[in-house]
Amino acid sequence: MRERLRKAYRKYQNENLKYKKWYWKRNNKRELSSFNQPDLCSTQERILDELNRHGISVFPIEELLDKQLFFDLEAFYNQYLFDHEDKVLASRNEVGKKGVKKSFLFQLADDFKELDITNPMVKVAIQKPLIDVVNSYLGQYSELKYFNIWHTFVSGENAPMRSQLWHRDPEDYLMLKAFVYLSDVDESAGPFTYAKGSHPKGRYRKEAKWYKEEGRNARRSNDTEIRAVVPEKEWITATGKKGTMILADTRGYHKGGHASTKERIMYKNMYLSPKAKFKTHFNNNLSPEELEKVNYCKILGQ
Ligand SMILES: O=C(O)CCC(=O)C(=O)O
């Protein structure tokens, strides 16, 4: 009986409580506020302001980070493609196949399970100028939970599915993802699309009608359902040249990757509050010397 109650509470907690402001506040100390947040330059202030107001900020990566990080990321994926062409080709042949998880894309993360601070995917994620913005938005020291590169194939006539449909991410009350386009992304390459102001700090907080895809639990909505809660003039379609960076609180409604004619390559990562019940997608076996090098970065477990 007691075990059943505990289970039911855990389910309730997972489905409802973690999205409540008071629950977030109870579980997370407000470690950073306007009084003690890191010193931000005017660009970081602008990005933070856009995140607070709209839930999203889109800018060329070099406005925040050294452009070399982008070149390294690009070279890293090109090398991966060169070394693993067969794997990517095999994945491309599965587009639209039933029963294949996110058949519209190839993901790199399974091959990179270690937190290696020399890996370009990690390097981008632990840059101080970025971390300072992320921590200021969350009001505390965040945790890096995930990094990946998504190579999205052409979906063509296939109907949008999974993350190609409007949804809120389920991991936390407030959260941030950083995306970097590694290919030029126009309307035909399935740009990341966001309903501004639908994040928890925003003005459009109503829940849209939703449905479940066959065999899936996640809540998805169509354009009409989102239009009913966020006017279309507030939707932002983040097209951009390679090197475009997007920071977004993906608790706000978003979708992307329904590429009609052109493939998209995109780096992504995710920061949550330390109390979020979401498993980290990599092993953190950093030595004390390595941690020392990034000692501004509580996200690595200091
Ligand atoms: O592929 C996209 O643009 C959407 C990504 C997404 O839904 C997510 O990362 O939560």
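Applying the criteria of a DSSP loop state and at most 13 other Cβ atoms within 10 Å to the trypsin sites (Lys or Arg not before Pro) of region 211-270 yields 216, 241. Cα centroids of region 239-302 and region 42-105: 10 Å apart. Placing pseudo-labels 7 Å out from each Cα toward the beta carbon at residue 27 and residue 40 gives an inter-label distance of 2.4 nm.
The label-point distance for residue 97 and residue 298, in a model that sets each label 7 Å from Cα toward Cβ, rounds to 4.5 nm. Over the chain, with a single point scatterer placed on each C-alpha, what log10 of the ratio I(q)/I(0) does the Debye formula yield at q = 0.07, 0.14 1/Å? Cα-only, vacuum Debye calculation for the chain: -0.26, -1.14. Label positions at residue 16 and residue 158, each projected 7 Å from the Cα along the C-beta direction, are separated by 3.7 nm.
Take every pair of alpha-carbon atoms less than 8 Å apart whose residues are at least six positions apart; their mean separation over the length of the chain yields a relative contact order of 28 percent.
For the pair residue 290 and residue 203, the difference between a 0.36 nm per residue extended length and the Cα-Cα distance amounts to 27.1 nm. In this calculation the C-beta distance from residue 71 to residue 188 is compared with R0 = 25 Å, giving a FRET efficiency of 0.50.
Given a 10 angstrom Cα cut-off, can you work out which residue in 143, 63, 50 is the most mobile in a GNM of the chain? Looking only at 143, 63, 50, the biggest GNM fluctuation is shown by 63. Where Lys and Arg each count +1 and Asp and Glu each count -1, what net charge lies around residue 106 among other residues with Cβ under 12 Å from its Cβ? So the surrounding residues net to -1.
None of the figures in this text is laboratory data; all of them are computed from the coordinates on show. Just so it is clear, the structure is predicted and the values come from calculations on it, not from any experiment. Neighbour counts are summed over all protein chains in view; Cβ atoms, including those assigned to glycine, are modelled from backbone coordinates with ideal geometry.
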